[in-house]
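Each remark here refers to the structure printed beneath this line.
The values are calculated or read from the model by the stated rules, or taken from the named source; none is laboratory data. Worth saying up front: this structure is predicted, and the values here are computed from it rather than measured. No Cβ is skipped: glycine too gets one built from the backbone with ideal geometry, and neighbour counts run over all protein chains shown.
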Amino acid sequence: MITKVSSFRNPENTLAAPVPLEAAELIVSCLERAGVEFVFGVPGGAVEPLYNALARSARRGGPRPVVARHESGAAFMAEGYARETGRLGVCMTTSGPGATNMITGIACAYTNNVPLLALTGQPALPSFGKGALQESSCTGVDVVGMFAHCTRYNSLVSHIDQVETKLVNAILHALRKPNGPAHLSIPVDILRSLVIPKHAGHELPALLRHRPSLMDDRTVTLLDAELSAASRIVFLIGEGAAEAVDSIMTLVNLTGALFITTPDAKGLINPFHEAYRGVFGFGGHASAEGALKADPDLVVAFGTGFGELASSGWCKSILNNRLIHVDESEENLIRSPMAKLHVRGRLRTICEKMIAARQPFTGEATRGAPSASGIPHGYGVSLQASEQYHSDATPIKPQRLMKELSKRFPPTTRFLADTGNSMIWAAHYLQPWNRRGIGHRVKPIGYVEGERRSGTANWLRIALEFAPMGWAIGAAIGIARGNPRCPVVCITGDGSYLMSGQEITTAAEEKLAVIFVILNDHAYGMVMHGQRLAGAEPIAYELTRVDFRKMAEAMGVPGHVIESPEDFDRIDFAAMLSRKGPTLLDVRIDREEVPPMMLRLKTLGSVKA
């Protein structure tokens, strides 16, 4: 019989000795103390003791398993869960190919600084080096060596007494700045071994409590002076600024700055704010480039690492001596050595200090109107007046699809855009009304005055840098599992769906109302358009024409085929969103529409800059 970890007092009021328990039970109990609700994974023999412990945990209301269909999908789900909730995401799989299948998802979390814990199994220690089934130790296919390149902490548990210490270390490394994945590989015989907890009174919640990072007061003072002296200011908001976005918007109002966002930070802000000039980087807008080329005195970047897609291919219009880079991560700051000033610290704390310095002298904050900066109006309230955005043509234009998605779903919707054309179309054209009221000319239905966004709220999620296809499919399920109150819409391509679409059955099993929108052009669309724009050989981009509605129905999931804007009127969106389970929209898009992707081709050298 396995006993739950507990401390109790005996009649003499002295602390009793901890009860021995299986290592697997200790691990699950420790995860529970760390606030973990779900473990996303695929079971197997080498992690059977952990699944046994999860079964007992689920019965008592603790962490429970969510079973993915592929190990990379499990990691993507854990990442989506962590992004939405701010908690540790946990994924788990067996040894050998289970672990290697998971590496892509772990690498994605690493490049996007998402806190994950990956648990992988191993055969029993005495079998190492003997050709055990799915052995992946240092004497086989060394998965610990592979994980070393995409984790913040990575270790093989080689002795029962290491379990507790290494587990706590892994959790703390995943959640400290910069966040990222941690990995433990644990032999099955150790998971079954009894252990006496050495830290039964160990308070993981206290260790995990957020502590403000150090702040350099000298550079903050210099930043304040620069903002006071400048009259033409542009803010660049990156995804790492999520926690501070409300404070940054207040600074926009107080300084009269314009602001732009990286593609993955568009979902942090209100796209109808009158000072917004659009997305800078991949799938971005000419108005964002225009704001930088209009000779501002100062460009202040918050929470970005200036990767290729977030910096418009390391564009010199932003990476120059007008730049001030504000970030909590030293890894991000070292990517902008040309900046005139680097300010390190917690972004919310820095911004609140800037606000406090201004409010006593400015009185009521003024909205950041375009005239305040002198830089021409670019983005404004009406994003696109293009013919395609309003086209009624069949097959539906992808631009018009983004318009329909923007208006058909409620303000609390979480959108995810997968790698490829889906990411480009969403970054450029998706613009739902949301609940943020700063700078609105007209307040949308459902607007709540004074609402404050959490540090994890983001209505558009994109995975930049590593950018694996199929990421959004698993991540959407993780977001829905972590926050079932908000509708979740996964925008993906037919190529990505053919790689990872089986995960829709996980959403069905979990009864999650995820809407999967497939941009169906029977092609690897980004490859096709890239070849055409570059004058390359037209090769290897065609895909089989698939009726994804029938595929979904075969899995017990309702689906709809969308060929024109009028087809949306035939769908009961209220019923779809209230359904306890996913829905698939097979959207037959016009494949001849070319997304704004020249940035990528220039960076690759496929076309001249």
Failed item in (1) modelled with pLDDT of 90 or more; (2) farther than 27 Å from Ser311 by Cα, with Ser228 passing the rest | (2)
Find the residue count for the range 64-107, including only residues that are surrounded by 24 or more Cβ atoms within 10 Å (Cβ to Cβ) and within 17 Å of Gly501 (Cβ to Cβ).
-> 10
Go through the range 412-429 residue by residue and tally those that are within 13 Å of Pro596 (Cβ to Cβ) and either touching a strand residue (DSSP E or B) at 6+ places or on another chain (Cβ under 9 Å) or β-branched (Val, Ile, Thr) (or both).
-> 7
Six or more apart or on different chains, Cβ under 9 Å: which pairs go from a residue in the range 401-425 that's over 18 Å from Gly470 (Cβ atoms) and in the same structural domain as Thr104 (by TED's automatic domain parsing) to one that's among the polar types (S, T, N, Q) and at pLDDT below 95? Could you list them?
-> none
Hey, does the range 145-155 have a residue that's within 17 Å of Asn112 (Cα to Cα) and either at pLDDT below 95 or surrounded by fewer than 15 Cβ atoms within 10 Å (Cβ to Cβ) (or both)?
-> yes
Tally of residues being of a type in the set (A, V, I, L, M) and either modelled with pLDDT under 95 or more than 21 Å from the chain's Cα centre (by Cα) (or both) across the range 84-107 | 1
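Please pick out the residue among Ala536, Ala574, Ala540 that is of a type in the set (A, V, I, L, M) and under 25 Å from Gly501 (Cβ atoms).
Of the residues listed, the single one that is of a type in the set (A, V, I, L, M) and under 25 Å from Gly501 (Cβ atoms) is Ala540.
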Residue list for the range 568-607, filter: free of Cβ contacts under 8 Å to residues at least 24 places away in the same chain, in a loop (DSSP other than H, G, I, E, B) and on the phi < 0 side of the Ramachandran plot = Ile571, Asp572, Glu592
Listed residues Met354, Met338; which is more than 30 Å from Asp418 (Cβ to Cβ), modelled with pLDDT of 90 or more and buried (at least 20 other Cβ atoms within 10 Å of the Cβ)?
-> Met354
Does the range 526-536 contain any residue that is β-branched (Val, Ile, Thr) and more than 30 Å from Ala288 (Cβ to Cβ)?
-> no
Are any of the residues in the range 587-600 within 28 Å of His285 (Cα to Cα) and more than 28 Å from the chain's Cα centre (by Cα)?
-> yes
Go through the range 69-103 and give me each residue that's free of Cβ contacts under 8 Å to residues at least 60 places away in the same chain and under 14 Å from Ala475 (Cβ atoms).
-> Cys91
The condition from (1) at pLDDT 95 or above; (2) surrounded by 24 or more Cβ atoms within 10 Å (Cβ to Cβ); (3) of a type in the set (A, V, I, L, M, F, W, C) that Leu222 misses is numbered (2)
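List the helices (runs of 4 or more DSSP H) that sit entirely inside the range 154-208 and contain at least 2 residues that are in contact with a Lys or Arg (Cβ under 9 Å, 6 or more places away or on another chain).
So the answer is 163-175, 204-208.
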In the range 108-124, which residue that is of a type in the set (S, T, N, Q) and either assigned to a helix (DSSP H, G or I) or more than 19 Å from the chain's Cα centre (by Cα) (or both) is surrounded by the fewest Cβ atoms within 10 Å (Cβ to Cβ)?
-> Thr111
What number goes with the only condition from (1) touching a residue at least 40 places away in the same chain (Cβ under 8 Å); (2) assigned to a loop (DSSP other than H, G, I, E, B); (3) within 23 Å of the chain's Cα centre (by Cα) that Asp295 does not pass?
-> (3)
Just wondering, is there one or more residues in the range 29-43 that are in a loop (DSSP other than H, G, I, E, B), at pLDDT 90 or above and under 24 Å from Leu125 (Cα atoms)?
-> yes
Counting only residues that are aliphatic (A, V, I, L, M) and outside any helix (DSSP H, G or I), which one in the range 83-101 is nearest to Leu175 (Cα to Cα)?
-> Leu88
State whether the residues of the range 302-317 include one that is without any contact (Cβ under 8 Å) to a residue 40 or more places away in the chain and either assigned by TED's automatic domain parsing to the domain that holds Ser406 or charged (D, E, K, R) (or both).
-> yes
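So is Thr603 crowded, with 19+ Cβ neighbours inside 10 Å and of a type in the set (S, T, N, Q) or not?
Against the criterion (crowded, with 19+ Cβ neighbours inside 10 Å and of a type in the set (S, T, N, Q)), Thr603 does not qualify.
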